[in-house]
Amino acid sequence: MSLEESKAFVEAWHTIMLIGAISLVALGIIVYLIYQFKVALVKTLKDKYDFVNANEIKWFKAVFICFGMAAALAINLYGMDEIAGLSVSFFVRLFFSVAGATLVIYIASLVLDYYYPTRLNVKLRRLRYTPRTSGTGNKMKLLSEDEEDVHLNEGMQAEENVFSIDYDVWVDEKTSEVKIEKYLGHLTSLQCHNCGFYTMRVNREEIIETNEDGTPKELLKHYQCAYCKNVRLPNLT
Ligand SMILES: [Zn+2]
């Protein structure tokens, strides 16, 4: 490659990096907006809860992958007036751009995995405990654990007692309309008493007693914090 060709290549390279960096920032913003739009389209609060619980962290990670790659491309513009050909500095800069992207994506995923669940939990609690509206437009009341049993069949009660499942029973006191919502406990993060993050999840369930027909009667739930690896004594929630 002649000096002229090498200069032309690096010049084209800088143009591509500039357009690419701007496009990737735009893409990250678009991904974020698409996610917010999808959340807004979910109709009920319960469905919103499930959607946000299952998707928010994944989508935010995708946003930061776009931003991390944008950072890599932007780093390739550093000192573009001095680097006019395929010199050593061109490759050193290339190396730092890859390292920079890795750092941005790695830190973002750490934050999203360990710190963010605490904030997400506040959002989820709000979705779960905002008073529901009945078919006739009345505000419904959430029953306590003791009050709700009359509305739950035997199977549901067994599930609540044995598995990491919670049923929320909402009742319209004027019309007696009832809404039952099912929450899967192993998908819900609890607060870790050791580190304070909402990263404590059931990581293993062990059957310690079975009914005559072989179905589990009592389970031992093993909780472990995804952040500090602290374990919680079984069944103490
Ligand atoms: Zn912890």
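The values are calculated or read from the model by the stated rules, or taken from the named source; none is laboratory data. Because the structure is a prediction, the values reported are computed rather than measured. No Cβ is skipped: glycine too gets one built from the backbone with ideal geometry, and neighbour counts run over all protein chains shown. To get the accessible areas, we keep the full protein, side chains included, count just its heavy atoms, and leave off ligands, DNA and RNA. Shrake-Rupley method; radii C 1.70, N 1.55, O 1.52, S 1.80 Å.
Laid out as a table, the results:
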quantity	calculated
Residues whose placed amide H lies under 5 Å from that of residue 165, excluding near-sequence neighbours	185
In order through segment 7-19: 3J(HN,Hα) via Karplus (6.51 cos²θ - 1.76 cosθ + 1.60), integer Hz, x for Gly, Pro	5, 5, 4, 5, 5, 5, 4, 4, 5, 5, 4, 5, 5
Cβ-isolated cysteines (cut-off 4.7 Å), the chain	66
For the chain: relative contact order, % (alpha-carbon pairs under 8 angstrom, 6 or more apart)	14 percent
Mean separation of Cα contacts under 8 Å (6+ apart) over length of segment 3-129, as relative contact order %	35 percent
Amide H partners (placed H, <5 Å) of residue 141, local residues excluded	171, 172, 173
Label-point separation in nm, residue 173 to residue 231, each point 7 Å along Cα→Cβ	4.6 nm
Size of electric dipole in the chain: Cβ of Lys, Arg +1 and of Asp, Glu -1, about Cα centre, debye, nearest 20	840 debye
Most to least packed among 116-129, 144-157, 193-206 [average Cβ atoms within 10 Å]	193-206, 116-129, 144-157
Within segment 50-67, backbone nitrogen closer than 20 Å to the virtual label 7 Å beyond the Cα of residue 29 toward Cβ	59-67
Distance between modelled label sites at residue 94 and residue 12, nm, 7 Å Cα→Cβ extension	1.5 nm
Karplus-derived HN-Hα couplings along segment 96-101 (A = 6.51, B = -1.76, C = 1.60, θ = phi - 60°), whole Hz, x at Gly and Pro	5, 5, 5, 4, x, 5
Amide H partners (placed H, <5 Å) of residue 220, local residues excluded	206, 207, 208
Overall form of segment 141-232 per C-alpha gyration tensor (a/c, 1.5; a/b vs b/c)	oblate
Residue-level accessible surface for residue 115, protein heavy atoms, 1.4 Å, Å²	110 Å²
For segment 126-139, Karplus couplings with θ = phi - 60° (6.51, -1.76, 1.60), whole Hz, Gly/Pro x	5, 5, 6, 9, 5, x, 6, 10, 7, x, 8, x, 7, 6
Burial ranking of peptide ranges 55-63, 1-9 (average Cβ count within 10 Å, highest at the top)	55-63, 1-9
Residue-count net charge about residue 197 - beta-carbon cut-off 14 Å; Lys, Arg +1, Asp, Glu -1	+3
